[in-house]
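One structure is given below, encoded as C-alpha cells.
The values are calculated or read from the model by the stated rules, or taken from the named source; none is laboratory data. Just so you know, these numbers come straight off a predicted model, no measurement behind them. Methodologically, a virtual Cβ is constructed for each residue, glycine included, from the backbone with ideal geometry; neighbour enumeration extends over all protein chains shown.
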Number of protein chains: 4
Amino acid sequence: MVIVMSPAATDEDIAHVVERVESTGGQAFVSKGVNRAIIGLIGDLESFHHLNLRTLRGVATVHRISDPYKLVSRQHHPQRSTVWVGPADHQVPIGPDTFTFIAGPCAVESAEQTVSAARMAASAGATLLRGGAYKPRTSPYAFQGLGVEGLEILRSVGLSTGLPVVTEVVDVRDVETVASHVDMLQIGTRNMANFGLLQEVGQSGKPVLLKRGMNSTIEEWLMAAEYIAQRGNLDIVLCERGIRTFEPTTRNTLDISAVPLAQTLSHLPVIVDPSHAAGRKDLVVPLTRAAIAVGADGVIVDVHPDPETALCDGPQALLGSDLRELAQAVRQLPKVMGRHDAGAVARAR
Amino acid sequence: MVIVMSPAATDEDIAHVVERVESTGGQAFVSKGVNRAIIGLIGDLESFHHLNLRTLRGVATVHRISDPYKLVSRQHHPQRSTVWVGPADHQVPIGPDTFTFIAGPCAVESAEQTVSAARMAASAGATLLRGGAYKPRTSPYAFQGLGVEGLEILRSVGLSTGLPVVTEVVDVRDVETVASHVDMLQIGTRNMANFGLLQEVGQSGKPVLLKRGMNSTIEEWLMAAEYIAQRGNLDIVLCERGIRTFEPTTRNTLDISAVPLAQTLSHLPVIVDPSHAAGRKDLVVPLTRAAIAVGADGVIVDVHPDPETALCDGPQALLGSDLRELAQAVRQLPKVMGRHDAGAVARAR
Amino acid sequence: MVIVMSPAATDEDIAHVVERVESTGGQAFVSKGVNRAIIGLIGDLESFHHLNLRTLRGVATVHRISDPYKLVSRQHHPQRSTVWVGPADHQVPIGPDTFTFIAGPCAVESAEQTVSAARMAASAGATLLRGGAYKPRTSPYAFQGLGVEGLEILRSVGLSTGLPVVTEVVDVRDVETVASHVDMLQIGTRNMANFGLLQEVGQSGKPVLLKRGMNSTIEEWLMAAEYIAQRGNLDIVLCERGIRTFEPTTRNTLDISAVPLAQTLSHLPVIVDPSHAAGRKDLVVPLTRAAIAVGADGVIVDVHPDPETALCDGPQALLGSDLRELAQAVRQLPKVMGRHDAGAVARAR
Amino acid sequence: MVIVMSPAATDEDIAHVVERVESTGGQAFVSKGVNRAIIGLIGDLESFHHLNLRTLRGVATVHRISDPYKLVSRQHHPQRSTVWVGPADHQVPIGPDTFTFIAGPCAVESAEQTVSAARMAASAGATLLRGGAYKPRTSPYAFQGLGVEGLEILRSVGLSTGLPVVTEVVDVRDVETVASHVDMLQIGTRNMANFGLLQEVGQSGKPVLLKRGMNSTIEEWLMAAEYIAQRGNLDIVLCERGIRTFEPTTRNTLDISAVPLAQTLSHLPVIVDPSHAAGRKDLVVPLTRAAIAVGADGVIVDVHPDPETALCDGPQALLGSDLRELAQAVRQLPKVMGRHDAGAVARAR
C-alpha cells in the first residue's frame, strides 16, 4: 500500500501515520519530496484495512498495490485450472486445453420443451445442458420458473441425453435441493454480490458457474469468486455476460477484453454468455466467434425449439436454423486456437 | 404497447401479429404508412408479455407505453404517501409534509460506540437511528458485522435514546430476527434485485427502506418496490444513493434528478444517502443541502464518534465538528422548502 | 509519482528505472517490501511523462499524485476567483460571493423571438442573456443556427435590454467574429476536447464559459480549462451540464457533486445548466434549487416564448408560467446560502 | 413516428396534435385505447422535427421509428461497400471481401523512427501505414505532434515503403494540407462530433477513417458519417475503438458487438482499433483475433520500434516480438472467415 500525503501535511501527521502502521506490526517507508511525502507500507494488508488510513490527518490518497483476492489469484497459482463437471462416470472439462459448448433453454417450461432443446443443443455440439428452474425476473408479474418441478425435468433430461446439467440458484434456502439435482450451480448476474448465497454454494460440493455482475468490475467479480473459494470450493468457472453502459442497441455491452484479463489475474476458467450480453439472437453467432478467438474456455448459449412461445428471453434464443451456423463455428474455430473439444476429452473416473 | 413493423414485413406478417394479439383477448390497431406499418395494442400487458412479440416475423421494435409497476405507481394513487416508522407510542413520519433526518454509524461495533453515535445523531437533529449489524462487504476478509449481538445493541440504544431504528437485512433467513429487533428494515444497494429477499421483507410487517441499486434504472428500482408491495407491504421508502458512472473522483455519482423523478412516478417517499453516494465526508454537507432543495423527504447519513477507528466506511463518516454544519442545514433549509421537522410531527397512537 | 514494481521485478529492473528517472534530473526513492518494491519519484512531472515508465521492464503500475493542471488549480491559488462579464460600463460578476442567473433561448430564431425571450429572462431575474447562433446538432438535417445574422440579433437585443450576452462558438474560424459581437464565449459539451478551439478562445480576449464534456471526468474538464488558461485567459467559468450514464429517464445525469469538487480543485467559478442536463422542463426548477443549495455560483437556463415552435430543444425550454417558480427560487435560495444577487453587484469601471 | 398520449389527454389535445401534423403535410392515425391514445404519423420526418411534438399538451412520449441517417444506411443500399485507399496505381481495399491490416506509430517523431515502424508494419503484413502528425492530447503540456514536418515524413515513408498512408486531422484549417500529403484522413474519437471538421473532410476528396466517439452511441456514430456523406464523400470507413464505462482495468471497453451492428445498420466498412481500446499491449493480440472473428473488415494497430522512448502512448505499442504473434493471427484467421488479404487484392487503375 502506498500513502500519498497532501502538500499541507505536517511532520506530526506523517509521524502519526507511521505510528499507526507500526502498531499493526507493519513497516512504513517515508519518501519526502519537494511538495509532499509518500509513505510505502509493507505488511499485512488486512490489518491495514482497519486503520482507516484515508481518515488520518494529512492523508491525500491511498493506493492499494496488491490483489485483494488470494485463493483465486494467479499470482501464487500460475498454472491455469480445469474444472470438471458431471457425474463420476462422465466428467466434462472446462479449462485451458479445451473448448466447452454449453446450451439449453433459458427457462425450463415443460419436459417436452426441455427434451427438444437438449436435443438441439447436443446435435449442435453442446456437451453440457443449461436450463433455468428458478428465474430472477425484474417484474414480479413475470414467469418465475417451475422450481423443484423444473429441477426434476432437468435431472431426467440430463440423464436421458447424457449431458451434465447446470442451473441457476437464487435463494440460499434452495442450494441444497438444487445441488442434489444438478451437476453445476450457476450464480446469476444479479446475485454476484449476494454474499450469503456465494458462501452457501461454496459449501455445496458442486462446481459453480459465476456470472459477472452487469455492474461489477473485474476485481469485484474475482472477489466474489474468493467468497466461494474461501468456503473450500475452488471448482469455479467465471462467465462474462456483458456490462451496463450507455449504448442502447444491445441489452448489455459484452466486455470481450475481460476474458484475457480475468485469465491473467486468476487461474480459473473463463467462459462467455453471448445470448444475455446482447439480448438479440442475430449477435449470438458473431459474438461466439469473437469469444473463441479471444481465448475463452467455453460459451453458454440459449436455445429454444420455438422462441415464439418461450416464457423467458425468447428474442435471444436460437432456432435450429441459426444453430447450424453456431455449430459450425464451434467445430471449426477452437481447433484454430489449439483447443480440443471438451466432449472428446470428457473422462470417466 | 406499440409494435413497429420492419419495411420488409408482409401483409401476412402483420396479420399474424394481429392474430396473436387477439388470441389473448387484446385488440390490435394497424396503421399502414408509406414505408412500414405500426400496430397499436390495447389490452392486458401481462398477457402480451407471453407472446414474445419481438420474435415474430416482420417485427422491428416493440415499445411499451404504460408503467410496468402498479401498486407503487402514482398513476392510480396521485396523493403522495407518508410512511410512519417506530413503535405505536412514538411514530416518526417520512413523507411529503416533513423532512426526516436519519443518522448513525455505518456498522455497529460496540454498545459504547453505538450510544455515542446515537447521541451525536440526536443532538444534530436526527429522529431515526441507523446502524448496521449485517454488512455486505466486497471482500470476504472485511468485517461482516456483529449479527444478532449488533441487533441487541441497536434495540437497546434505540430504546434508551428514544430513536426508532433502521438496519439492513442481507439474508432471507435473518428477516424474522431482524424484524423483531428494529423498527424499519433496509434493503441495501447490492440486494435491490435480490427478489427473494424483497418478497420476504414484504411479509415482515415492518416498513422498508429500499436503496436504489448502484446499477439500476429508476424503473427497475420501482419494480423492486413493486415486489415488496405485492406481498402486502406498502410502507416503503425509496433511497437514492448514487449510481456507477465513469467519474472516478467520487465512489458513485449521486443522481439528484432521481428524487423528483421517482416522486413523479411513484407515490412513495424518497430520501437521499449522501454518505454512500460520494464516499467522502467533505461532500456530505453540500449534497445534503442539494437533497433538501431538490425536494427529498429526508436524508440518511453516516456518523461515527471516531472515524479513525471505524470498522467500515470510516472515510465518509462525519465527526462532531462537521456535524454541526449539517445540523444547521437540516434545521434551516427544510423550512424554506415548506417542510415540518419530522420529530415535531411524530405521533403516538 | 509512485511506481509499483511487479513481484517478479529484478534488482536490475529497479536500477534501470532509477537510472531513467535520474537521467531527467529527478530523484527516485526505492522502498523494498517482502513481495515487491515501490519507487517514489520527485522532480518535474513533465519530464517523467516522456519516460514511458509503464513500458519499463518490471513496472506493474504507475500512480500520478499531483494535479496535472497548474494555472487553474486551487493548490497555488487558494482564493476562489470572480469572472466579470460585460462591457466596461456594466460588468456582471460570476464568483463565490454572488449568484448569477443566465437565461435565454437555446437558439436565436428571429429578432422578435429573441427580444421576447430576453424580456422573459430579465423579468425572471436574469442578469446575463444566453442564445445560440451556431448550433452543433447530431443530425446534419437539423437547424444549425442563423450564424452571423444570429450574432447581430444577439448584440442588438443585448444592448436594448442591457444584458451582457453569452453565445456558443463551434468553429475556430468563427472565434474572432463571435468575440466581436458578444461578451462571453461558450464552449459546448461536444467541443470540450476540441483543443484547437480551446486555444483560440484562450486568445480571444473574452471570458469563456466552458461546459463539461458529457463523457469527461472532472480532471479532463480542468485540463481543458488549462488549455484556455495557457493562452493567457484566466476568465473561465466552468459549467456542469450532466454526464452520460445508463439511466434513460433523463437525457444526461446531472453530476451535482461535481460542483463542490470542481470548486475544491480549482479556483474558477462553477455554474450549472439544469436544462440540458435533464432535457425535460419539469426538472429545471428542482435542479436549479439543488444547484443553488450545493453551492453553485450560478445557473444557465433555456427559456422560449413559445416552446411549441422552438427550432431547437423545445421540450426543455421554460414558459412564462414555469419561469415564475424559477424566479422565486432564484430570489430566495441564494440569500439563504449567503450570496448576493449578481445584478446588484454589477459594476461599471 | 409514434406519439403516445398521456392518460389525462383530452380529445382536444389529440385533435391539436393531429392538426399540427397535418399542417406539415403529414398524416396522423389515432388509436384510442382503454387508458390512452396512440397516434401514428406518416410523412416527412424532418418536418415533424420542427413541431416539437413533445411539448404539445397531452403528449407523454414520442418514439422515432425510422433511421435518422440516410446516405450511410443499409436500408436503401443493401450491398456492403468497399472503400479503396491509395494512389491510382496502388489502391488497397477495405470492405466485405478482404481483411485490411493497418499499422504504424501512434505519433511521428522522426524520419528514422517512422521508417523503422513502417518496416515493422510491412513485415507483419500491414498494407496501410498509420502515423500521427497532429496529436489531440488531454494535457496542453504533452507532445502535440510534428505538424507539417510530420506530414512530410509520412509522405516520404509511404512512398519509399509503398504503403498508402492514413493520418489524423484535428483542425478544419489543416484539412487541405493534410489531404495533399496523405491517402486517407482520420477523424479521431474526440472529434467525432466536431461537425465543422466532418463537413470539411467530406469535401476533401480523400477517403475518411471515422473513429467512434468514446462516449457515442452507434446511432450518433452513423449520424457523424452522414455529415461526411452529405458533403458528397461516401468513402468512409468506420472504426470501433472502445467506449467509456465504469471498468477501470482497461482504458476503454472495446464494444465488439458494435462491429456486426454497424455492418447491419450501414453499408460502410467497419474496422477495429485494439490498441487504443485497451490501452495495454498485452490485449492487442487477443482483441485483434476477436475483431477478425466477429467479422471486422480490418484492424489498425500501434507499433513502435522502441516503445520505451515513444512520445505518445508507448504502453500500448507493440514491439517486434509481439508483432510476430499478431502477424500470425492476421495471416491465419481472416482466411478461416473467408476473407482475402487486402494487399493481394490491391489494384492499379
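Listed by position, the strands (runs of 3 or more DSSP E) contained in segment B:148-247 that have at least 2 residues being within 8 Å of another protein chain (Cβ to nearest Cβ) and surrounded by fewer than 20 Cβ atoms within 10 Å (Cβ to Cβ) form an empty set. Exactly one residue out of B:210, B:197 is in the same structural domain as residue B:260 (by TED's automatic domain parsing) and in contact with a strand residue (DSSP E or B) (Cβ under 6 Å, 6 or more places away or on another chain): that is B:210. For segment D:263-313, filtered to residues that are more than 22 Å from residue D:80 (Cβ to Cβ) and touching a Lys or Arg at 6+ places or on another chain (Cβ under 7 Å), the residue that is farthest from the other protein chains (Cβ to nearest Cβ) is D:276. Checking C:295, C:279 one by one, the residue that is over 30 Å from residue C:146 (Cα atoms) and in the same structural domain as residue C:104 (by TED's automatic domain parsing) is C:295 and no other. Mind listing whichever residues of segment D:261-285 are hydroxyl-bearing (Ser, Thr, Tyr) and surrounded by fewer than 24 Cβ atoms within 10 Å (Cβ to Cβ)? Across segment D:261-285, the qualifying residue is only D:264. Inclusion of residue A:258 among residues that are surrounded by 24 or more Cβ atoms within 10 Å (Cβ to Cβ) and closer than 19 Å to residue A:132 by Cα is not warranted. For segment D:213-253, the set of residues classified as aliphatic (A, V, I, L, M), over 23 Å from residue D:294 (Cβ atoms) and touching a Gly at 6+ places or on another chain (Cβ under 8 Å) consists of D:228, D:229, listed by residue number.
Residues are listed down the side, and each one gets a yes or a no for (1) buried (at least 22 other Cβ atoms within 10 Å of the Cβ); (2) under 22 Å from residue B:261 (Cβ atoms):
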{"site": "B:82", "(1), (2)": "no, yes"}
{"site": "B:98", "(1), (2)": "yes, yes"}
{"site": "B:107", "(1), (2)": "yes, no"}
{"site": "B:142", "(1), (2)": "no, no"}
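Checking B:291, B:296, B:317 one by one, the residue that is among the hydrophobic types (A, V, I, L, M, F, W, C), under 23 Å from residue B:118 (Cβ atoms) and modelled with pLDDT under 95 is B:317 and no other. Each residue in segment A:191-231 was checked for being in contact with a helix residue (DSSP H, G or I) (Cβ under 6 Å, 6 or more places away or on another chain) and of a type in the set (D, E, K, R), and 5 of them qualify.
Reported count of residues in segment B:320-340, each being touching a strand residue (DSSP E or B) at 6+ places or on another chain (Cβ under 8 Å) and at pLDDT below 90, is 1.
With respect to residue A:317, is the statement that it is among the aliphatic types (A, V, I, L, M) and more than 25 Å from residue A:219 (Cβ to Cβ) true?
yes
The set of residues from segment C:171-214 being at pLDDT 95 or above, within 21 Å of residue B:247 (Cβ to Cβ) and of a type in the set (Gly, Ala, Ser) comprises C:188, C:213.
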